[in-house]
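Taking it in order: structure first as structure tokens, then the write-up.
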Amino acid sequence: MHETPLPSSVVKKPGAAAWRRQLPWLGAVAFVALIVVGLWPSAVAVEVIAVTRGPLVVTVDEEGMTRVKNRYVVSAPVAGQLRRIDWKAGAIVEAGKTMLAVLETSGADFLDARSLAQAEARVRAAGANREAAVAQRERARAAAQMFTADFERLKKLFAQKVLSAQEFDAAQMRATTTAQDERTAEFAAQIAEFELEQARALLARGQPHSAGAGPAGGGAEPLTITSPVGGRILRVFQESARVVPAGFPLMEVGDQGDLEVRIEVLSRDGVAIRPGARVLLDQWGGPEPLTARVRHVEPSAFTKISALGVEEQRVYVVADFVDPLEKRPTLGDSYRVEARVVTWENASALRAPAGALFQRGGTWQAFVIDGTRARLHAVKPGRSNGVETEVLDGLREGDRVIVYPGDKVADGSRIEPMVMSGR
């Protein structure tokens, strides 16, 4: 049996009245959809940085000041009338040749029997000190030659990848330290020679019948004071002519090229600093940072009041320059520098931004990007320099972590990377 379709004119279509009856339902559905869309959580815009592997350096950053390592204060050996000193700070002087000052004693340096015996004893003591200084200089010179040759051999082994970086740094530190010790011993030998000459001159002038004395005694000729060491005049304490007592300081002499850096650090930071540690010097006035090596950390700390009125225990760290003098020709005594003392470094550390790690419930955690979601991971951090942190466990190289997530990000939150950055 077949049904005969009705003509199109007979089929009934919904009229306007039927559509009007359906409009309330459609409006209700649209209203509910709008509410759902409005309440649906939107993606949180975050900054994302990838976890990478590379060098990580932890430093102690403090201010430092340069100072001439070996300096000598030239003083008046006897009382007398000091002639005007025309030398200015910065003048170049030569050991034993440059005349620094002239004293007119007018016989005031005559010695009685007791003082004469004391002067003779000082001459003998100065001679013994000179012999000891010369022996120490030869010892320091031999040690410097040995460790320098040893460093040159180890440098070739390090270039061939058969020597560790730690052993190479230790050899370099020994070579640098012994070279500085040699310069110090040379300075001490010059000082000992100068003191011996001064003692002999005073002994000769204190004897009325000494050779070269005038009829009235040996005090007629003025006493000339020569430079004890080669270098530059650092400071002139007395320029004008005046009567000075014995021991009155006249000027300070030293080698401006033989500089060291004294860095003032907190005592808790000084505990982590070891001799031989690398020091980077910034903001000293040159275009590139300078390099130095820690020679020693002073064993005694001191109390200092900070700018905020807080008492701090601080200690001095002394470092020697490694760069040659040609890189710092204008750097002088008591110049300010910004020092970064390296306490730990790793050439291939797994590192993450310090702002991506946070503590929650006594553990360190980080948000890792998983597609469009943020996933909370427990992390075990290592060393940190304030910008980057070493990751020991919990993250892998290439993971993308959220930096400074804030309170809007939770485990499973939808995120939208705002800035993609890397190193």
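All of the numbers you see were taken from the coordinates with simple rules; none came from a lab. The structure displayed is predicted, hence computed values, not measured ones. Cβ coordinates were reconstructed from backbone atoms using ideal geometry, including for glycine residues, and neighbour counts include every protein chain displayed.
Structure values in brief
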{"read-out": "Phi-based couplings in Hz for segment 290-295 (Karplus 6.51, -1.76, 1.60; Gly and Pro marked x)", "value": "9, 10, 9, 10, 5, 8"}
{"read-out": "Relative frequency of Cα-Cα separations exceeding 17 Å in segment 110-211, percent", "value": "63"}
{"read-out": "FRET efficiency, ASP393 to GLU312 (Cβ-Cβ, R0 60 Å, nearest 0.05)", "value": "0.95"}
{"read-out": "Calculated FRET efficiency for the pair VAL73/ASP370, C-beta based, R₀ 60 Å, to 0.05", "value": "0.30"}
{"read-out": "Simple Cβ-charge dipole of segment 293-423, Lys/Arg +1 and Asp/Glu -1, about Cα centre, in debye nearest 20", "value": "240"}
{"read-out": "Spin-label model distance (nm) - ARG274 vs ASP407, 7 Å beyond Cα toward Cβ", "value": "4.5"}
{"read-out": "Sorted by Cβ density within 10 Å, fewest first, the residues PHE248, PHE367, PHE151", "value": "PHE248, PHE151, PHE367"}
{"read-out": "Low-density loop cleavage sites - trypsin sites (Lys or Arg not before Pro) in segment 262-368, where at most 11 other Cβ are within 10 Å (DSSP)", "value": "none"}
{"read-out": "Extension gain from GLU345 to VAL243, taking 0.36 nm per residue of separation minus the Cα-Cα distance", "value": "30.8 nm"}
{"read-out": "Per-residue HN-Hα couplings for segment 371-381 [Karplus 6.51, -1.76, 1.60; θ = phi - 60°; Hz; x = Gly/Pro]", "value": "x, 10, 10, 9, 10, 7, 10, 6, 10, 10, x"}
{"read-out": "Distance in nm between pseudo-label sites at VAL162 and ARG124 (7 Å out along the Cβ direction from Cα)", "value": "5.8"}
{"read-out": "C-alpha center-to-center spacing [segment 328-394, segment 244-313] in angstrom", "value": "27"}
{"read-out": "Pair ASP150, SER384: separation of 7 Å Cα→Cβ label points (nm)", "value": "4.0"}
{"read-out": "Neighbour-count order for ILE402, ILE92, fewest beta carbons within 10 angstrom listed first", "value": "ILE92, ILE402"}
{"read-out": "Förster-model FRET efficiency, 60 Å R0, ARG53 and ILE305, C-beta, rounded to 0.05", "value": "0.85"}
{"read-out": "Segment 110-211, relative contact order in percent, only Cα pairs under 8 angstrom and at least six apart counted", "value": "50"}
